[in-house]
1. So which pairs qualify, if the first residue must be in the range 51-80 and within 27 Å of Val40 (Cα to Cα), the second must be of a type outside the set (A, V, I, L, M, F, W, C) and at pLDDT 90 or above, the Cβ gap must be under 8 Å, and the two must be at least 6 apart or on different chains?
2. Considering only residues that are modelled with pLDDT under 90 and not acidic (Asp, Glu), which ones fall in the range 1-19?
3. Restricting attention to the range 2-22, does a residue exist that is touching a strand residue (DSSP E or B) at 6+ places or on another chain (Cβ under 8 Å) and among the aliphatic types (A, V, I, L, M)?
4. Determine the pairs where a residue that is under 13 Å from Val64 (Cβ atoms), located within the range 1-29, has a partner that is crowded, with 17+ Cβ neighbours inside 10 Å and of a type in the set (Phe, Trp, Tyr) with Cβ atoms under 7 Å apart, the partner being 6 or more residues away or on another chain.
5. Tell me, which helices (runs of 4 or more DSSP H) lie completely within the chain with 1 or more residues that are surrounded by fewer than 16 Cβ atoms within 10 Å (Cβ to Cβ) and of a type in the set (Phe, Trp, Tyr)?
Amino acid sequence: MIEPATIGGIFLILGAYFLNKGDLLKSVFLYFIADCMWLVLALKQEDYFGIFTVSVGMIFGLIVWWKSNKGIFVKDLHKN
């Protein structure tokens with residue numbers, strides 16, 4: 001069975017790929033899924049500080065995603 005850390009790592013790679021391509025929204029979404037996997041891992045190991053730090057990171061990621069959708073941040077990192 002594939003562990004949550006491995007799945008999170010795969011989504012981290014995909015998030016970095018889309019960030020490199022300039023697609024911020026896809027990147028933040030994939031980073032959020034990676035964070036969900038690491039949250040599951042922290043919960044399984046009863047790592048309360050890990051649960052806290054990953055949760056804070058997820059909240060900041062959701063804020064970035066929301067601001068990008070509202071037009072406060074740019075959605076595309078390419079120069080026009």
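The values are calculated or read from the model by the stated rules, or taken from the named source; none is laboratory data. Bear in mind that the values here come from a model prediction, so they are computed numbers and not experimental data. Here the Cβ positions follow ideal geometry from the backbone for every residue, glycine too, while neighbour counts run over all protein chains shown.
1. Listed by first residue and then by second, the contacts come to Val54/Asp35; Gly57/Asp35; Met58/Asp35; Gly61/Tyr31; Gly61/Asp35.
2. Those that are modelled with pLDDT under 90 and not acidic (Asp, Glu): Met1, Ile2, Pro4, Ala5, Leu19.
3. So far as the range 2-22 goes, no, none of its residues is touching a strand residue (DSSP E or B) at 6+ places or on another chain (Cβ under 8 Å) and among the aliphatic types (A, V, I, L, M).
4. Gly15/Tyr31; Leu25/Trp65; Lys26/Phe18; Ser27/Phe18; Val28/Trp65; Phe29/Trp65
5. The qualifying helices (runs of 4 or more DSSP H) are 4-21, 48-70.
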